[in-house]
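Undergrad: Shown below is the structure under consideration.
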Amino acid sequence: MSVTAEDIEKVSHLAKISVSKEKAEKMKNDLNKVLHFVEQLSEVDCSGIDDSVEYEAKLHERADIVEETDPDVMDNAPEKECNMFVVPKVLG
């Protein structure tokens, strides 16, 4: 499989972008290199490899500790309630 100049033109039309002839030629060459690499990957013999992989990831959890807010910081808050900053609603 390979990418043609017509493919680049069709995709650029669908994406509503303009691509110059020089840029389209470079994109075509780059995409064909990627497709060639993918074709090479399909030639790799993977018959002896187990397709199920077991990997146990451990999450690094931390305890959420609430600390008292410095009163000087709260003095600078434009609006506060119950020793917390009041943030205006952004989404309707």
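Undergrad: Mind checking the angle between helix 21-42 and the chain's longest principal axis? C-alpha axes, 0 to 90 degrees, to the nearest 10.
TA: 90 degrees
Undergrad: Another one. At Met1 and Cys46, where each label point lies 7 Å from the Cα along Cα→Cβ, what is the point-to-point distance in nanometres?
TA: Rounded to a tenth, the inter-label distance reads 1.6 nm.
Undergrad: Can you tell me how the chain classifies by the Cα gyration tensor, rounded, prolate or oblate, using a/c under 1.5 as the rounded cut?
TA: It is oblate, given that a/c is not under 1.5 and a/b is not larger than b/c.
Undergrad: Follow-up question, since we're still on this one. List the aspartates and glutamates whose alpha-carbon lies under 14 Å from that of Lys26, not counting same-chain residues fewer than 8 positions away?
TA: By straight Cα distance, Lys26 reaches Glu6, Asp7, Glu9.
Undergrad: Rounded to the nearest 10 degrees, what's the angle between the helix 5-14 long axis and the longest principal axis of the chain, both from Cα atoms, 0 to 90?
TA: Helix 5-14 sits at roughly 30 degrees to that axis.
Undergrad: Simple spin-label model, 7 Å along Cα-to-Cβ: Cys82 to Glu22 in nm?
TA: 6.3 nm
Undergrad: At most 10 other C-beta atoms within 10 Å and a DSSP loop state: those are the exposed GluC sites (Glu not before Pro) I care about. Give me the longest piece of the chain that has none.
TA: 1-42
Undergrad: Taking trypsin sites (Lys or Arg not before Pro) that fall in a DSSP loop and have at most 14 other Cβ atoms within 10 Å as cut points, what is the longest piece of the chain between them?
TA: 17-57
Only the coordinates and a few stated rules stand behind these numbers; no lab work does. Quick caveat: nothing in here was measured; it's all calculated off a predicted structure. Please note: Cβ atoms are built from the backbone with ideal geometry, for glycine as well, and neighbour counts cover all protein chains shown.
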